């Protein structure tokens, strides 16, 4: 199996020691830093806004992987770019004009990612898939960290991987929600390329060691 990219979510970091935790990620084997932005409307929680993103960007040495769980994400793409975004993920469920938003992300020079909630079928991506760099599959219902992983994710990843291969596309699959050492290897085997881990990393006694262990699966 190919070694996965690991994108720890700072949503689970200690916000009273955010610089310390970002510097830990810089020194770790993490590949990306995952930034979850929630608005309390699209999902039933509010995370943080761009002043916190600016603080993270000031100290981050790894590429930043933005996940916009918000209504009207197109209004904030420029702010993501200004605050270090390499990749920007928007939810298909929040974008009635998805192709336009994907093109706006690309025009900013960022990688375009589209996220799917657990109940959303991958077939809805058919028309836009050739334009995407990443598809982010939610393996929990979005809005809160620390949720239980949904097992139907494995079949969804396999199905999406088959579609990507059959269409000869260059698109990565990212998994977000409930990722641990109990399901990471199976996700990679199914076809996942990027694993987001929040609580599992930051709640462990040795976060950097946990990241390294995930990469070694």
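The values are calculated or read from the model by the stated rules, or taken from the named source; none is laboratory data. Since the structure is predicted, the reported quantities are computational estimates derived from the model, not experimental observations. Virtual Cβ from ideal backbone geometry, glycine too; neighbours counted across all protein chains shown.
Laid out as a table, the results:
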quantity	calculated
Residue match in region 200-213 (condition: touching a residue at least 40 places away in the same chain (Cβ under 8 Å) and closer than 19 Å to residue 2 by Cα)	yes
Residue within region 76-99 that is surrounded by fewer than 19 Cβ atoms within 10 Å (Cβ to Cβ), at pLDDT 95 or above, within 12 Å of the chain's Cα centre (by Cα) and within 18 Å of residue 133 (Cα to Cα) present	yes
Residue satisfying all of: in region 143-172; closer than 20 Å to residue 111 by Cβ and outside any helix (DSSP H, G or I); nearest to the chain's Cα centre (by Cα) among these	172
Residue selected from region 192-216 under the condition touching a helix residue (DSSP H, G or I) at 6+ places or on another chain (Cβ under 8 Å) and surrounded by fewer than 19 Cβ atoms within 10 Å (Cβ to Cβ), by the criterion nearest to residue 115 (Cα to Cα)	199
Selection count, region 120-142, where residues are within 17 Å of the chain's Cα centre (by Cα) and part of a loop (DSSP other than H, G, I, E, B)	7
Residues that are more than 15 Å from residue 76 (Cα to Cα) and exposed (fewer than 13 other Cβ atoms within 10 Å of the Cβ), drawn from region 42-51	44
Residue match in region 18-30 (condition: closer than 14 Å to residue 57 by Cα, at pLDDT 95 or above and under 13 Å from the mean Cα position of the chain (by Cα))	no
Test result for residue 21, within 17 Å of residue 177 (Cα to Cα) and buried (at least 16 other Cβ atoms within 10 Å of the Cβ)	no
Criterion: touching a residue at least 24 places away in the same chain (Cβ under 8 Å), closer than 25 Å to residue 127 by Cα and part of a helix (DSSP H, G or I) - qualifying residue of 77, 68, 11	77
